Every structure is written in C-alpha cells, then in structure tokens.
Amino acid sequence: MSSAQLALFALAVGVVIGVGAVLLVIWAYRMRAHAMAVTSAWVPSGTTEVLDGMDDAACVLDSSGLVVATSRAAARFDIRAGAVLENTELRRLVLQVRSSGVSATETLRIAAGSTLDPRLVSARASAIGRRLTLLILRDVTERERLEQMRTDFVSNTSHELKTPVASVTLLAEAIESAADDPDQVRAFAARITAEAGRLSQLTGRIMSLSRLQAAESLAQQEPVSIDEVVRTSIEGHAVQADSAGVELAGGGDTGAWVRGDAQVLVEAVGNLLSNAIQYSPRGSRIGVGVRVDGDLVEIAVADQGIGISAADRERIFERFYRADDARSRRTGGTGLGLSIVKHATQRHGGEVRVWSRPGRGSTFTMRLPRMASDADDVGSAKMKKKSKKKQSKKKQKALQRARALGALHPEATRDGDTA
C-alpha cells in the first residue's frame, strides 16, 4: 500500500471516529436533557397563573406522581404541592392517562379534608406534554343534592296530591252505594272531611312556602310581640297536645319584640310545635322557651321525642323530606313544616338551629333580630300599656316555668346545627 493510500485510509478512519464521537456526544446531551425533563419540577409558563384563577380544585403532577402546582381550592381535598396524591382512585386515573395519553373523566366520591362526609366530584385528567398531567376536580355534591330534592319534590307532591283525591273519589262512590245506610254515610262523610282537610293543609302549605321563597322581603313589616306569637301558637295546638297526651309549657324572657309578620311567625312556631307533638311519646313534655341575647331573640321548642339522626339533620329542612316517612304518613305530615320554618326565619333576617340526639329529643331554635327600642317602634302608648298589663299577669307563671327549654335540653344552647 502506497503512502497516498495509507493517508487516505487514515483520513477515513479519523472521519468515522470523529463522526462517531460527535454522535455519541449528541446522544449523551439528548439523554441528559430527557432525564432533566422527566425529573424536573419546572411548570410551563402561565400554568400557575391559570391554576390561581380556577374555582375548582386542580393540580399538576409530574411523571413520578408528585404534585408540582395546585389551585387554591385543592387544599379542600388535601392536595398540596410537594406531596403525592393520597387517594388511590385519583392516582389510578392519572396513571391511566399517562399510559394512554388520552384524557379521561370519572365521577368519584372522595373525602374532602377532615370532613366525615365524602364529596361527589367529577375528576378529569389530561396530559400536558410528555411529563406533566393536569388533574381537575369539580365538586358536584350540591348538584346531586338539588337533583335529589327535585326528584323528591316531584314524587312526593304527586303522591300527596293523588292520595287524598283518590280517597275522596272512592269514599264518594262508597256513599253512593250505601245511600240507604245512614250510619255508613256519616262515617264515609267524616272520612271525606278528613281527606279534604289534609288536601287543604297540603295546598295551603305549598302556597305559603311558595310565597316565602318567591318574595325577596316580607310584604308586611310591623312590630310583633314574641309573647303573643308564643301564646297564640301554644293555644292553637292545645287540642292536638291533649289528644296526644303531651304537656305544653312556655317560659323564659318576656317583653321581646321583633319587626316582621306576626302571622308568618305564628305559623313557623306552630309548625315546630306540631312536629314536636307528633314525634313525642305520651306523658312527655314540650317546652317553648324565649331568650333575649343582645340584639337577638331566640324562640326554642324542645321535646323529649325520638330525636333525629345526624344524617337526617342535614336534610330535614328540605321540602317534603321526612326523617320518619312511615310515621309522617300515619300522622298526616306533609314534609313542608320545617322548610316553612327555615324560610320564614330567613325572611325575618334570622336563622334556625337544631340540636338533637336519637332517643333524647330535639330542640329547634329560631334566632331573630330584636327591635332596638320597643317604645319607639311600637309607636303607640296604648299598645305598650296593654302589653305591659298582659306581661304583669303572666309574670309569676312565666317565672315558675322559666327556662323550660334549659330544663329539657340544657346542652342544646351549646351544641346546634344552623340552617
């Protein structure tokens, strides 16, 4: 081999070695960049700002499942930057998206923070590039609850309206067939009267609730004596209490006034009394207590009945919801009473609180804004004089029965749910 050929061969070998070295360096740089991309916690520009503007819980995860960025709402589900997802179903959803590269959505029920009540969420995971995954959790618990309320409203309304109408129809046919039997006619007529009364009560309560929900404020605003509201409510349910073998007792602070609609307040307190009587055993006692607490007036109705479970306490103020459906149907309950109480109290600028323990009884408390000055707002010396006269006659009796609520359930003043 000549020297020229040797030089060409050496040149070719050098070129091959050089190209190989260059390719090796390029490959090494690419592998390093890939490794850095996989392990880097860098989030694309603008992602953090988008997360900050989201109302839903959302987070960005890297390839190892570590959370690198979150929205503010993510803290409700214990999702925090620098930690891994604790929920196994969410981890499975993220792994599924990372392996397939296709976005996926699932409806899951997961715990929200330290609350014992799991939340229904619509979870959607989407891949962001090669290394990141976006997870969005939309809380649809309220949507589910509203849908359940709508379903209950339709089914219960149709049932409650159909039952008395069908009963009246059948009883009318029975009267026609028993026209020659006066005793049977009177019995059927009495049952028709009862069914008509039930239908009238149902339609009346539906109309009352509709008015309270539709109006932004009360149509009638005037000074209302809480003493008169409580007295009228107790007197209106005295017959029902006697029939059920239940004692009604009133007491507490006197002379409190609020501004609002007396008829609406009487109906609200009356609904609480009616429920208390229905769910109280014979020989028990129901207390109606009034307490003035600064700028608030509290009207509490306490019973020694069957009580309400924790699960039912969350829904008892919904329309047509019954904690004890079978008992309510036997006693003629409509499932609207507590909903009317809630909306009536809210229309007066107040709130309703409930304390209950199964087997020990329940206490419902209406908290209403108190009038700042009785004399100025009443605006009538005659009305004030008449009120004082009534209060003086009942003072001794009220003091003897004072704190009827506290005597039944003293812990109700410390432990109560708000509606």
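The values are calculated or read from the model by the stated rules, or taken from the named source; none is laboratory data. This structure is a prediction, so every number in the text was calculated from the model and none was measured. Side chains are part of the model used for accessible areas, which takes the heavy atoms of the whole protein and leaves out ligands, DNA and RNA. Shrake-Rupley method; radii C 1.70, N 1.55, O 1.52, S 1.80 Å.
With θ taken as phi - 60° and the Karplus curve 6.51 cos²θ - 1.76 cosθ + 1.60 applied, the whole-hertz 3J(HN,Hα) list for the stretch 356-362 is 7, 9, x, x, 10, x, 9 Hz, x standing for glycine and proline. Against the criterion of solvent-accessible heavy-atom surface with a 1.4 angstrom probe, Lys342, Lys162 sort, most first, into Lys162, Lys342. Each listed q (0.26 Å⁻¹) maps to a log10 I(q)/I(0) for the stretch 266-313, found by the Debye formula over equal Cα scatterers with no solvent: -1.01.
Here the Karplus relation 6.51 cos²θ - 1.76 cosθ + 1.60, evaluated at θ = phi - 60°, turns the backbone of the stretch 81-91 into coupling constants of 5, x, 10, 9, 5, 8, 6, 5, 5, 5, 4 Hz, with x for every Gly and Pro. Give me, ordered by chain and number, the residues 5 or more places off Ala83 or on other chains with an amide H under 5 Å from its own placed amide H. Correct list: Val67. Residues Asp242, Asp253, Asp303, ordered by accessible area of protein heavy atoms at a 1.4 angstrom probe radius and largest first, appear as Asp242, Asp253, Asp303. Amide hydrogen proximity for Arg370: with H placed 1.01 Å from N in the peptide plane, the residues at 5 or more positions away or on another chain lying under 5 Å are Leu296, Val297. Computed on protein heavy atoms with a 1.4 Å probe, the accessible areas place Asp55, Asp152, Asp183, Asp78 in the order Asp55, Asp183, Asp78, Asp152, largest first.
Summarising the amide proton neighbourhood of Phe317: residues at separation of 5 or more, or on other chains, whose placed amide H is nearer than 5 Å comprise an empty set. Multiplying the residue separation of Lys162 and Ala174 by 0.36 nm and removing their Cα-Cα distance gives an extension gain of 2.5 nm. The phi-based Karplus calculation (6.51 cos²θ - 1.76 cosθ + 1.60; θ = phi - 60°) puts the 3J(HN,Hα) values of the stretch 161-169 at 7, 6, 4, x, 5, 5, 5, 4, 4 Hz, whole numbers, x for Gly and Pro.
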